[in-house]
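The values are calculated or read from the model by the stated rules, or taken from the named source; none is laboratory data. Just so it is clear, the model here is predicted, and its values are computed rather than measured. Neighbour counts are summed over all protein chains in view; Cβ atoms, including those assigned to glycine, are modelled from backbone coordinates with ideal geometry. Protein only, heavy atoms only, side chains kept; ligands, DNA and RNA dropped before computing areas. Shrake-Rupley method; radii C 1.70, N 1.55, O 1.52, S 1.80 Å.
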Amino acid sequence: MSGTCALPIYIIAALLEEPYILSKCRESLKGIRDIERTTSRLSQGTGNARDLQSLCISLSHIPTLREDYSALPVPHPPLLHDFGELTTLLCAALTDEPPAHLRDGGVIRDGWSPPLDELRDASRGGKDWIARLQEDERKRTGIDSLKIKFNNVFGYFIEITTSHLAKVPGDYTRKQTMSNGERYITPALKEMENKVLGAEERSKQLELELFLEVRARVLTHLPKLQETAAAVAGIDVLCALAEVAQYHRHCRPDLNTGNGFFISNGRHPVLEQTLTDAKFVPNDTELDPDTARLQILTGPNMAGKSTYIRQIALIAVMAQIGAYVPAESATLGLVDRIFCRVGASDDLSRGQSTFMVEMSETALILNHATDRSLVILDEIGRGTATFDGLSIAWAVAEHLHDTIGCRTLFATHYHELTDLANNKQAVANYNVAVREWNEEIIFLHKILPGAADKSYGIQVARLAGLPKVVVERAKSILSHLELHSVKPEAKTQGPKAKNTDQPSLPKPNAPQMDLFADF
C-alpha cells in the first residue's frame, strides 16, 4: 500500500477492535478472485471469456469491500477504484457460463449484438427445421428408427439401418454405405444445411470480433485494475493476519531501535497449530545486548533447539511486516536482515559436499551480517573432524560476539562452547530441559538458563532402534572418551572478560527443571 495508508500493525489492531468489520471484509474477499493473474492473461492476449467473466465477478464485489474497509477508523488511500461502468459492460456482454474455448461459441449474451442475434436465429431456426424434418420423414416412410445426423465430413444426412432399406423413398440419394445401414441426402436437406452451417460459422466469427472489442475496452482500465488488485491483496493479507491473531492469541509487538529481543511465552506460529498429539510448550527469550547478545543453546537431538531458534526468527519476521506475534508479550529491536544456517545438505552438481555448503553459508553470514542483524546457527562444524569442527564453531562464535556484535542464537552439540560465557561479556548459556525416567529420555521442550550436562545422543539412538548391543558398546566407548576431553584455549578480552583463566568443561550440575512442573 502507498500514500497515506496507516502502518499494517495499526490496521490489524483496528480490525481486531472491530471484529464485525473484519468478518464482513473476509466475506467480501471470498468473492474476489485473482484480479492480478486475470489482467495479466488478458493483457498478454491469452485470456479467454472465462477470464472476463471472472473479472466481472470480482469487480462486482469491490464496492462492498470498499464500503466495509472504509468503516475502519484508520486513514487509508482510495486504492479500490470504482468499476461500475466496466462491471455493467461485462455483465451485459458475457453469458453466465462461457465456454473454455472461443471457437465453441456461446460467449456473447443474446441481446448484446442485433447482427449476432439474427445469425443465431437463422442457425437455430434451421436446426429446428431439421428436427421437424426427421419427424415428418419417419411418418412418410414408416421407419421409426430413421435419424438425421451430422458430422464434419458429410454434413447433415439421413441414416437408415439395413433392415429398413426396402422402405427407402426414391427421392433419397445414397451418400455412404455402412456395415449396418446406409446414409442418404435430399435436395431440401442439403439446401438447409448450407443455411445452417453458414449462419453458425458467421455467428462464431462475429462472436470472436465482439469478444476482442470487449477485451480491448477492459484493457483501457488496466492501470486502475492493477492498483485495485494490489490493494485487494494487501487487505487480504491484513485481514488474514488479524484473523490469525484473533484465533491464536497473538500479541501486538513493541518494536524499537534498540538491540534487545525480549519475548514472553513465545510460540512457533506453525507448529503450535499443527501439533495434534501434544501441546506446544512456549518459551521466553532474552537477548540482552549487554549480557546475552549471543546465546549458546545446548541439549539433545529432538529436544527442540532447532524449533526454538526458528521460532525466534519467525517472530522477528512477523513483527517487522506489521503482524501480531505468537507470544504473551514481545519487545523487539529492529533488524536489518535475518541470517539462517540450519540443516545439512550437499550440492553434488556443483561438487560441494555437505560440509562445504555449511561453510559457504557461514562465510556469507560472517561477511554480510551487521550489528543490527539477527543470526540463527544450528550446528556449525559437524561435517568434519571433531577438533576441526569445534575450532571452527568456537572461532565463528567469537567473531560474531567480538567483531560483528549481532544478536545470535547458536545451537550446538559442542558443549565446550559453553565456556565462552566465562570469558565473553555478552555470551549466555541456555539448554533444553530433559529428564531420564526409568531409563527413558523425556523431552520437556523448555529452554532454561545454563549449559546442558550431556547430549543424550546414545539415548536418542536407542529410541531410533539401534540394536541393544550397539547401544551398550557406545556407552562403554563414551565413558572412556569422556576421560580425555580437550578444550581450545579461550581468547581473553581485556577488561570485558569475565574470567581470564583457562576454560574448563561445564559443570555437570546445569540447572534443569522438575519433570512434573507446570509450564
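Within segment 315-323, does at least one residue satisfy the condition of being more than 20 Å from residue 263 (Cβ to Cβ), at pLDDT below 95 and not aliphatic (A, V, I, L, M)? First the steps, then the outcome.
At the first step, the residues of segment 315-323 found to be more than 20 Å from residue 263 (Cβ to Cβ) are none.
No, there is no match, as no residue in segment 315-323 is more than 20 Å from residue 263 (Cβ to Cβ), at pLDDT below 95 and not aliphatic (A, V, I, L, M).
If a residue must be among the small types (Gly, Ala, Ser), surrounded by fewer than 16 Cβ atoms within 10 Å (Cβ to Cβ) and not in a strand (DSSP E or B), how many such residues does segment 254-270 contain? Steps first, please.
Let us first name the residues in segment 254-270 that are among the small types (Gly, Ala, Ser), namely 258, 260, 264, 266.
Going one step further and asking which of them are surrounded by fewer than 16 Cβ atoms within 10 Å (Cβ to Cβ), we end up with 258, 264.
Checking which are not in a strand (DSSP E or B) leaves us with 258.
Total satisfying the criteria: 1.
Would you please name the residue that is nearest to residue 185 (Cα to Cα), looking only at residues in segment 131-165 that are touching a Ser or Thr at 6+ places or on another chain (Cβ under 8 Å) and surrounded by 14 or more Cβ atoms within 10 Å (Cβ to Cβ)?
Here is the first cut: in segment 131-165, the residues touching a Ser or Thr at 6+ places or on another chain (Cβ under 8 Å) are 145, 158, 160-161, 164.
This time we only want the ones that are surrounded by 14 or more Cβ atoms within 10 Å (Cβ to Cβ), so: 158, 160-161, 164.
Working: 158: 6, 160: 11, 161: 15, 164: 16 Å.
Looking at residues that are touching a Ser or Thr at 6+ places or on another chain (Cβ under 8 Å) and surrounded by 14 or more Cβ atoms within 10 Å (Cβ to Cβ), I get 158.
If I ask for residues that are modelled with pLDDT under 90 and of a type in the set (Asp, Glu), which ones from segment 380-415 would you list?
388 - this is the single residue of segment 380-415 that is modelled with pLDDT under 90 and of a type in the set (Asp, Glu).
Among the listed residues 386, 418, identify the single one that is hydroxyl-bearing (Ser, Thr, Tyr), open to solvent by less than 10 Å² (accessible area, probe 1.4 Å) and over 35 Å from the mean Cα position of the chain (by Cα).
Working: 386 fails: open to solvent by less than 10 Å² (accessible area, probe 1.4 Å).
Every option except 418 fails the conditions.
Which condition does residue 157 not pass, out of (1) of a type outside the set (Lys, Arg); (2) closer than 19 Å to residue 123 by Cα; (3) not in a strand (DSSP E or B), if it passes all the others?
The number of the failed condition is (3).
Any residue at all in segment 426-433 that is outside any loop (DSSP other than H, G, I, E, B), touching a Pro at 6+ places or on another chain (Cβ under 8 Å), farther than 27 Å from residue 314 by Cβ and in contact (Cβ under 8 Å) with a residue 24 or more places away in the chain?
Checking segment 426-433: not a single residue is outside any loop (DSSP other than H, G, I, E, B), touching a Pro at 6+ places or on another chain (Cβ under 8 Å), farther than 27 Å from residue 314 by Cβ and in contact (Cβ under 8 Å) with a residue 24 or more places away in the chain.
For segment 87-100, which residues satisfy the criterion of being of a type outside the set (A, V, I, L, M, F, W, C) and exposed (fewer than 12 other Cβ atoms within 10 Å of the Cβ)?
First, the residues of segment 87-100 that are of a type outside the set (A, V, I, L, M, F, W, C): 87-88, 95-99.
The answer is 96, 97.
Restricting to segment 36-72, name every residue that is within 14 Å of residue 87 (Cα to Cα) and either outside any helix (DSSP H, G or I) or open to solvent by 10 Å² or more (accessible area, probe 1.4 Å) (or both).
51, 53, 54, 57, 60, 61, 63, 64
Sort out which residues of segment 366-387 are within 13 Å of residue 401 (Cα to Cα) and either without any contact (Cβ under 8 Å) to a residue 40 or more places away in the chain or basic (Lys, Arg) (or both), and write them in order of number.
366, 369, 370, 372, 373, 375
Applying the selection to segment 208-226, what residues are within 18 Å of residue 46 (Cβ to Cβ), open to solvent by less than 60 Å² (accessible area, probe 1.4 Å) and in contact (Cβ under 8 Å) with a residue 24 or more places away in the chain?
211, 214, 215, 218, 219, 222, 225, listed by residue number.
Of all residues being exposed (fewer than 10 other Cβ atoms within 10 Å of the Cβ) and within 18 Å of residue 436 (Cβ to Cβ) in segment 465-495, which is modelled with the highest pLDDT? Just the residue, please.
468
Could you tell me whether segment 242-253 includes any residue that is open to solvent by 50 Å² or more (accessible area, probe 1.4 Å), in a loop (DSSP other than H, G, I, E, B) and at pLDDT below 95? I'd like the intermediate steps shown before the answer.
Within segment 242-253, the first condition is being open to solvent by 50 Å² or more (accessible area, probe 1.4 Å), and the residues that meet it are 244, 246-249, 252.
Among the residues that remain, those that are also in a loop (DSSP other than H, G, I, E, B) are: 248-249, 252.
Within this subset, residues satisfying the condition of being at pLDDT below 95 are 248-249.
Yes.
Does at least one position in segment 77-84 carry a residue that is at pLDDT 90 or above, assigned to a helix (DSSP H, G or I) and within 38 Å of the chain's Cα centre (by Cα)? Can you show your working first?
Narrowing segment 77-84 to residues at pLDDT 90 or above: 81-84.
Restricting the remaining residues to those that are assigned to a helix (DSSP H, G or I) gives 84.
Among the residues that remain, those that are also within 38 Å of the chain's Cα centre (by Cα) are: 84.
Checking segment 77-84: at least one residue is at pLDDT 90 or above, assigned to a helix (DSSP H, G or I) and within 38 Å of the chain's Cα centre (by Cα).
Can you tell me how many residues within segment 428-448 are open to solvent by 80 Å² or more (accessible area, probe 1.4 Å), of a type outside the set (A, V, I, L, M, F, W, C) and on the phi < 0 side of the Ramachandran plot?
2
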